[in-house]
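See below for the structure under consideration.
The values are calculated or read from the model by the stated rules, or taken from the named source; none is laboratory data. Please read these numbers as outputs of a predicted model, since none were measured by experiment. Glycine gets a Cβ as well: all are built from the backbone with ideal geometry, and neighbour counts include every protein chain shown.
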Amino acid sequence: MKRANYEDTNLQQLATLSKSIGHPARLLILKTLAEKGGWMEGEIVSIPDVAPTTVIQHLRELKRVGLIKGRIFGAQCKYGLNDEVLELFQKLWSEMMVTIHPPSASS
């Protein structure tokens, strides 16, 4: 079977970002950061029934793809939403949705 060639960088970026938020804990982290004004300092996001070490792993993945930025370990942690990447994600997602499900024309 021939492997598909996905050269479209927008599709690659959208896939990477989408995969990174494909876990409910990561979505909750982003939501919590937004509710706290976009940044947290000196503490790790608390998620019920999720160990802090697991939360740190999720934070690192969000940071790896650029959705959050900052320092994510120790007492000096300071991290927050990366507005530029979030705006790019929103743009790419909106473009994809219009492509696969265009708005219906009003009659």
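Could you grab me the full set of residues in segment 49-85 that are assigned to a helix (DSSP H, G or I), surrounded by 15 or more Cβ atoms within 10 Å (Cβ to Cβ) and touching a residue at least 24 places away in the same chain (Cβ under 8 Å)?
V55, H58, L59, E61, L62, V85
Can you find even one residue in segment 7-19 that is at pLDDT below 95, surrounded by fewer than 11 Cβ atoms within 10 Å (Cβ to Cβ) and assigned to a helix (DSSP H, G or I)?
yes
Please pick out the residue among T32, T54 that is among the hydroxyl-bearing types (S, T, Y) and within 13 Å of the chain's Cα centre (by Cα).
Answer to the check: T32.
Would you confirm whether any residue within segment 83-99 is in contact with a strand residue (DSSP E or B) (Cβ under 6 Å, 6 or more places away or on another chain) and not polar (S, T, N, Q)?
Scanning segment 83-99 turns up no residue that is in contact with a strand residue (DSSP E or B) (Cβ under 6 Å, 6 or more places away or on another chain) and not polar (S, T, N, Q).
Give just the number: which of (1) assigned to a loop (DSSP other than H, G, I, E, B); (2) within 16 Å of the chain's Cα centre (by Cα); (3) within 27 Å of M97 (Cβ to Cβ) does V45 not satisfy?
Tallying (1) assigned to a loop (DSSP other than H, G, I, E, B); (2) within 16 Å of the chain's Cα centre (by Cα); (3) within 27 Å of M97 (Cβ to Cβ), V45 fails exactly one: (3).
Can you tell me which residues in segment 35-85 are of a type in the set (D, E) and within 26 Å of Q12 (Cβ to Cβ)?
Matches in segment 35-85: E61, D83, E84.
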